[in-house]
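The values are calculated or read from the model by the stated rules, or taken from the named source; none is laboratory data. Nothing here was measured: the structure is a model prediction, and the numbers come from that model. Cβ coordinates were reconstructed from backbone atoms using ideal geometry, including for glycine residues, and neighbour counts include every protein chain displayed. The area values use the complete protein model at the heavy-atom level, side chains included, leaving out ligands, DNA and RNA. Shrake-Rupley method; radii C 1.70, N 1.55, O 1.52, S 1.80 Å.
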Amino acid sequence: MAAGGRSYSCESADKTMEWMTAIADVLRSFRLLLDAHVTNFFKDRLWETVDGEWMECLRKGPVQDFVGIPCGLVREHWPATLKGFVKTLKSMVLPRDPKSSNTIFDDFQVAQLGSVLSQGMNQKKKHEVEILSAVVSVVASFVGAATVIDVGAGQGYLAQVLSFLYHLSVIALDASPHHASVTSLRAERIKKHFTVKSRKSQNGTKLLHGPTTITCQIFSSNTLTAVLESMIESSSCDNERAGSPLVLAGLHACGDLSVNMLRTFIECEQVKAIVCISCCYNLLSDEHFAKSDSCSFPMSKGGKLLGLALGRSARDLGCQSEERWRSFTKEAAIQNFELHAFRAAFQLILDKYYPSTLALTPAIGRQGKALRRRQLRRVLNSQLDGGERSIEFSAKGQCVKEPHLLTLECAEAEAANGHDRGSVVGVADCSCTTSGIKDVCGSSSKFCLFEEFSRAGLSRLGIGNTDHIDLLGIWKDVQPFIDLIGPYWALHAALGPLVETYLLLDRLLFLQEQGDGVEVKMVPLFDPLLSPRNVAIIALKK
C-alpha cells in the first residue's frame, strides 16, 4: 500500500507503528473536519473550517462528483490540494477485498448453509455466518480445539452452524436472557431435523449437541476470563475436555466486547486462538484514555505513545460505510443531504428558543425518527396528486420539472445511523399558502417538510406549543448554505475508513507487542457491499 512514495504494511510491529503514525498525522491535520457533527453545521458554520477553494469547486459540480469522494473519486479539474487529500486517504486505508481470505489457509472452503440452518437469517447474516464459521472451524482444527466460545452470540446463528455443521462444542455467551432462550429453542428445532435425517440414512442416528448458552454481562476482560476459568474448572473432571484448547469467536463484537476478547486471548492460557470482527466503535469507553492499561482505545503501547484522541463523533465516523456512498443514486444522495439540512436547521431552533434543552444534548433518535417518518409520510401522502405528479430539487434547491421518487425514509435512516433502507414514497407540490413560503427555492415543499420535521422533533422533546417559533425565518437563513452540506459531509465521510483503519491497526499492534508467541493476521472476510465491517483479526498462540 503506497502513499506519497511510501509504502505501508502491518507485517511487523514496527511497520504497523509506521502506518499508524502516518494516519495520526493526517487525522490531526484535519481535526476540525474529523470531529464535526451534522447537527452543528449551520450553528457553527462548519463549511468555513474547510478550504474555501474546495467548497466552491464542489458546490458548483454535479452531485455524483462529491458523493464519490469517500470512495476515492477525483476529477482532473479539482484543485491539486483536494485531489491530494482524496488520494492520500484512499492510499492509507486497509484493503477490503475479501478474495485475500482464501489465501490464509490451505484448502479453505466455505460450506453453503441449507434452509434449516439458515432459517431466520437475512442475506447479510447468512453470508457472514457461512464464511466466519468456515474460518473458525479451520482455526479450531489448526490449534487442536474442540470447543469454541461464541462471544456476543445474539440469537446463536454462528454457534448453531459451528455445532451442527462443523460438529464443534460451542458455548454461546450473550448478555440477553431472551437471546439465550431463542438460541436454545432454535437449536432444538435444528437438532430434531438432523436427527430425523440421520435416522433415514444408512449410518444410523448420530449424537447431536447444540450450543450451550450462558447469559453473562461482559464488562471487562477480567469478567470474560473469570467465566472461561469457571468453565475450565467445571470441566476438569471430564478427561476429554480437561486442558483442551479454546477458541474465542466474535461476529461483530460490539464496542468494548471486541477489546475484552483480545485481552482475554492474551490473559487466559487455555484460549489458543481468536477470530474477531469488530463493530460499533462509537460505543467504546474512552474515559480512561491513555491512563490505564485497560482502556479500550488505544490498546497498544504504540498507540498510547502517539496520543491520538478519537472522540465519540470521530469513532462513530469509523462505523460509516464507503460502500453505502458508492451505492447512492443522485436522488437518494440529494434527499440524504436535505435530511442533514433539516436536522442542522432544527439545531438552530433549539439554540435560539430552547438553549437549556440544547445544553442537555437532546437526542430525537430512533423514536423521534419513527415519529417524524409517520408524520412526514402523512403529509407527503396528502400532497400526492393522484400519485402521478412529483417534483425534484437540485442540489442547489432549484425546482426541476422531471419527476422522481423521494426516498425519504431511506435518506432519514441513512442520515441517522446508516441502517437498512426503507420504503419509497413520492412527493407532489405542497399546497401550503403561508405568505412568503413560495419564495423559498420557488416551492413550499421543502419548507413544509422541514416544518413537519421540526414540530415532530420538538414534540419528541416534550415541547408542544410552537406558534412563537419563526420556522420560516430560520429556513430562509440557512438557504444560502444548504448546497454546501453535501460537499462538506462527503469530505467528512472520507475520513471514516481512515479512522477505522487506525482503530484496527491499534488492536493489531497490541497483539504484535506480545512478542513471538502470538501470530496474528488482519483479513477482510466478507463482501463489503453486504457487510461493511468485514475485517477479521485472527490470532494464534504458537
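Miscellaneous remarks
- Scanning the stretch 88-139 for residues that are among the polar types (S, T, N, Q), open to solvent by 40 Å² or more (accessible area, probe 1.4 Å) and in a helix (DSSP H, G or I) returns Thr88, Ser100, Asn102, Thr103, Gln123.
- Test for Ser235: is it open to solvent by less than 20 Å² (accessible area, probe 1.4 Å) and modelled with pLDDT under 80: yes
- Given (1) under 15 Å from Phe342 (Cβ atoms); (2) assigned to a helix (DSSP H, G or I), index of the condition Leu491 fails: (1)
- Given (1) in a helix (DSSP H, G or I); (2) surrounded by 15 or more Cβ atoms within 10 Å (Cβ to Cβ), index of the condition Thr195 fails: (2)
- Any chance Arg189 is among the basic types (Lys, Arg) and either touching a strand residue (DSSP E or B) at 6+ places or on another chain (Cβ under 8 Å) or at pLDDT 90 or above (or both): no
- A residue that is out of contact with any His (no Cβ under 9 Å at 6 or more places or on another chain), part of a helix (DSSP H, G or I), among the polar types (S, T, N, Q) and crowded, with 22+ Cβ neighbours inside 10 Å occurs nowhere in the stretch 465-485.
- Verdict on Ala159 being in contact (Cβ under 8 Å) with a residue 24 or more places away in the chain, part of a loop (DSSP other than H, G, I, E, B) and in contact with a Pro (Cβ under 8 Å, 6 or more places away or on another chain): no
- Criterion violated by Val523 - all others in (1) modelled with pLDDT of 95 or more; (2) in a strand (DSSP E or B) satisfied: (1)
- Taking the criterion of being at pLDDT below 85 and open to solvent by 20 Å² or more (accessible area, probe 1.4 Å), the residues of the stretch 437-459 that qualify are Lys438, Asp439, Cys441, Gly442.
- Subset tally (residues that are within 17 Å of Val93 (Cα to Cα) and open to solvent by 20 Å² or more (accessible area, probe 1.4 Å)) for the stretch 529-542: 3
- Here Ile190 meets each of (1) buried (at least 24 other Cβ atoms within 10 Å of the Cβ); (2) over 24 Å from Ile232 (Cα atoms) with one exception, condition (1).
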